[in-house]
Structures are given as C-alpha cells and as structure tokens.
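Please treat every number below as a calculation from the coordinates, not as lab data. Every value quoted in this text rests on a predicted model; they were computed, and no experiment measured them. Positions of Cβ are backbone-derived with ideal geometry, glycine not excepted, and every protein chain shown enters the neighbour counts.
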Amino acid sequence: MGEAPFAPLREKPFRIYFTGRLVSTLGTAVAPVALAFAVLDTSGSATALGLVLAAGVVPQLLFLLVGGVVADRLPRGRVLVLGNAVSGLAQAGTAVALLTGHAPLWVLVALHAVVGTASAFLGPAAQGIVPQVVAAEHLHGANALLRVSASTVHVLGPAAGGFAVALVGPAWAIAWDALTYLAAAAVLAALRVPMPPKRLANLLADLREGWSEFFSRTWLWAIVVQYSLVNAVWVGGFTLLGPVVADRELGGAVSWGLIGAGLAVGLVAGGLLAVWWRPRRPLLAATLVTLLEVVPLLALAGTDSVALLAAAAAVAGVGTEVFTVCWSTALQRHVPSDRLSRVTSYDMLFSYVFMPLGYLLAGPVAERAGTAPTLLAGAAVTATATLAVLLSRDVRTMRDTPVAVTG
C-alpha cells in the first residue's frame with residue numbers, strides 16, 4: 001500500500017490539471033460514436049469512414065516526434081491549452097458543417113486530420129506535465145487517479161454517445177465534444193508551470209537528444225519493443241478477430257458488446273487497484289500484469305462461453321491499467337523533466353508502429369491458418385515478448401523511489 005489514494009488532489013496544480021483532463025475526456029469518450037454515424041449518414045460508405053478515421057491517425061504518427069520537441073521546449077501548460085483549443089475549433093467546424101448540410105467528405109477528412117495533429121502534441125505534453133503539478137512522492141497516485149477517471153468516463157462514453165446520436169443527432173454530439181475541448185482549454189489556462197531555462201537548439205538536435213535519452217535506458221526501449229508486438233497482437237487478435245468470432249460462434253454484436261463491457265469493467269477495476277496498490281518494483285509488476293493480455297486471446301480460441309470471455313476481457317483490462325500507471329510513473333521518475341516529452345513521443349511512436357500490421361495481417365493469416373491457431377500464435381508472441389523483457393536486470397529490480405532527474 002502507498003500514500004492516501006486522494007493525496008495528489010490536495011495539490012492545487014494537480015487539481016487543475018485533473019479537472020481539465022476530465023472535462024476533455026467527457027467529450028472525447030462520446031466523439032467516436034458520433035463521428036462514425038455522422039460519416040455514415042452523409043456518405044453511407046464504410047470506405048469513407050475508414051478515410052476519416054485514418055486521417056486522424058496518420059498525422060498523429062507523423063507529428064509525434066515534433067510534438068515531443070515542442071512540449072519539451074515550451075511550457076507544457078500552454079501546449080495543452082493550445083492543443084485543446086485547436087481540437088475544439090476543429091470539432092466545432094465539423095459540427096457546423098454537419099448542421100448546415102455542407103459536409104463533403106474532404107471537409108470531414110481535413111478537420112479530423114487537424115484533431116489528429118493536435119493529439120500528437122497533447123500526448124507528449126500530458127505525460128511530461130504530471131511531475132510538474134504533483135510532488136514526487138504522489139506520482140503513482142496521481143497517474144492512477146488520471147487513469148481511473150478516464151477509464152470510468154470511457155466505460156460510459158460509447159453508450160452516452162449512442163443515446164446522444166439517437167436523441168439529437170451526431171452533429172450535436174460532436175458539438176458537445178468541441179465544447180468540452182474548449183472548456184478544458186479554459187481550465188488548463190490557469191496552470192502556471194514554466195519550464196526551466198534551456199539552451200536553444202534546432203529540431204534535429206532536439207530529436208537526437210531525445211533519442212539518446214530514450215536509447216540509453218535498456219529497460220525503456222526493451223519494454224517499448226515488447227509493446228510494439230503486444231499492441232499489434234492485441235488489435236489484430238482481440239479488436240479485429242474478436243468480433244469475427246462473436247459473429248460466427250457467439251451470436252453476434254450483443255455478445256461482443258457484453259465482452260467489451262467486461263473489458264471496460266476490468267479497466268475501471270485496474271485503475272482502482274492502482275490507486276490503492278503501489279508496487280515496490282513497478283517495472284516487474286508492469287511486465288507480469290502484461291501477461292494477463294494473453295487470457296482473452298486464449299479464451300477466444302478455446303471457449304464459446306460469453307460469460308467466460310467477458311471475465312477474460314476484464315482480467316486483461318485490469319492488467320492494462322496497472323501497467324499504464326506503473327509505466328507512466330517509471331518514466332516520470334527516471335527521465336529528466338526537460339526531455340520527458342521527447343522520450344514519450346518515441347515511446348508512443350514505436351509502441352504503435354506495428355499496430356497497422358496487426359490489423360492488416362490478422363485477417364489473412366486467420367483465413368489461411370484458422371482463427372484459433374492465429375489467436376494462439378498471437379498469445380505466444382505476447383507471452384514470449386513479455387517474458388523476454390525480464391532478462392533486463394533493471395526491469396526486475398528497479399524500485400519505486402523518487403529520483404532527482406532534472407536535466
């Protein structure tokens with residue numbers, strides 16, 4: 001057990017940041033459902049929806065490293081304000097286009113690309129600012145509170161989005177997302193967390209410095225390599241093949257919805273567990289709980305019980321949240337503050353890099369080898385990559401103690 005679970009909220013800067021993040025999440029949890037139905041209503045095409053969604057992902061990947069540099073070179077509070085404001089204006093433009101009936105596909109693609117670009121700056125800044133708004137001894141608890149609040153909202157978000165679309169239409173649901181972005185920007189504008197003085201450098205020099213910081217820590221790049229494989233397996237095995245199994249063997253969308261609900265419950269439970277539990281060896285704990293992601297893959301390959309599959313998904317959800325809290329805290333404790341956002345951008349980029357391959361390869365491999373063997377092979381990849389990380393002594397032994405990491 002660690003400090004009192006709500007101790008971070010006693011610190012005013014963290015309360016402001018927590019509130020801003022929560023307000024923003026109230027909209028972003030609803031937006032995906034609204035955007036999907038907005039595109040389908042205007043185009044009737046799954047291909048069009050794919051283009052819009054890709055428009056949000058591609059700019060994020062392209063600008064992640066630049067976002068890390070910016071968040072290390074400018075006050076992160078300002079980066080968060082600007083990122084939320086830009087996202088809010090883009091979503092407001094989408095809502096207006098839909099409400100006025102002037103929403104051609106290229107407009108929706110362009111505006112969603114703006115949101116994706118803003119997210120490339122928001123992610124590194126959000127990771128980097130936490131050590132600036134909370135005392136070092138409260139970092140673990142702060143990350144846990146941020147995760148459990150986000151998970152709780154995301155459990156309710158899709159249902160709320162569905163009701164909103166049904167009651168008032170997708171345009172107004174997207175307008176709500178725009179409003180929450182702008183409200184979050186207003187809340188975060190009250191943060192006063194200037195960065196320490198830094199030497200001037202060009203973009204390439206900053207990127208090289210961030211890479212050196214990233215690659216100099218074996219535990220860091222080893223776990224990122226691990227998760228480049230784990231994430232690819234998860235999206236291919238659970239996210240893509242899961243609905244296929246549900247459609248063919250489990251009764252369709254209702255069954256898959258129940259399994260998804262199990263995952264959501266597990267995410268909330270994992271966040272709550274992380275609030276109360278502070279592992280003495282956070283990287284060891286993070287690595288071991290990653291093995292829980294194997295459980296639903298094995299279950300999809302071996303059972304047609306929806307209840308068991310929902311329970312398996314819940315187990316994976318617990319592991320995901322505990323890993324995220326332990327990982328975020330380790331980064332914030334052991335990476336210098338003035339380089340943390342750049343290291344985060346490398347972390348995010350390489351952790352996500354193989355996810356498109358997971359989506360692209362899972363279907364063809366399953367068609368040739370069979371769905372169950374593909375899921376079992378994915379589980380083996382996840383387990384092997386995870387156990388291999390334990391070869392790192394730092395992963396096994398690093399303790400959760402505050403470390404001075406200022407430039």
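Computed over segment 209-400, the P(r) tail beyond 20 angstrom holds 56 percent of alpha carbon pairs.
Per the Debye formula on identical point scatterers at the alpha carbon atoms of segment 1-143, with no solvent, log10 I(q)/I(0) at q = 0.11, 0.12, 0.14, 0.17 Å⁻¹ is -0.49, -0.57, -0.73, -0.94. Our note on the geometry: Cα centres of segment 284-320 and segment 95-138, 30 Å apart.
Which of rounded, prolate or oblate describes segment 181-270 when judged by the alpha-carbon gyration tensor and an a/c cut-off of 1.5? Here segment 181-270 falls in the oblate category. Every Cα-Cα pair in the chain was counted, and those over 42 Å apart are 9% of them.
Once you order the gyration tensor axes a ≥ b ≥ c over the Cα atoms, which shape class does segment 82-155 get: rounded for a/c under 1.5, otherwise prolate or oblate by comparing a/b with b/c? Because a/c hits 1.5 or more and a/b exceeds b/c, segment 82-155 counts as prolate. Ordered from longest to shortest, the equivalent ellipsoid semi-axes for segment 87-237 are 33, 20, 20 Å, each the square root of 5 times a Cα gyration tensor eigenvalue. Ordered by the number of other Cβ atoms lying within 10 Å of each residue's own Cβ, fewest first, D177, D247, D394 fall into the sequence D247, D394, D177.
For the peptides 62-74, 145-157, the ranking by packing is 62-74, 145-157, with the highest mean count of neighbouring Cβ atoms within 10 Å listed first.
3J(HN,Hα) couplings calculated from phi for segment 264-278 with the Karplus curve 6.51 cos²θ - 1.76 cosθ + 1.60 (θ = phi - 60°) are, in sequence order, 4, 4, x, 4, 5, 4, x, x, 5, 4, 5, 4, 9, 10, 10 Hz; Gly and Pro show x. In this structure the amide hydrogen of A135, modeled in the peptide plane, comes within under 5 Å of no amide hydrogen from residues 5 or more places off or on another chain.
Each Lys or Arg adds one and each Asp or Glu takes one away; over the other residues whose Cβ falls under 13 Å from the Cβ of A171, this sums to -2.
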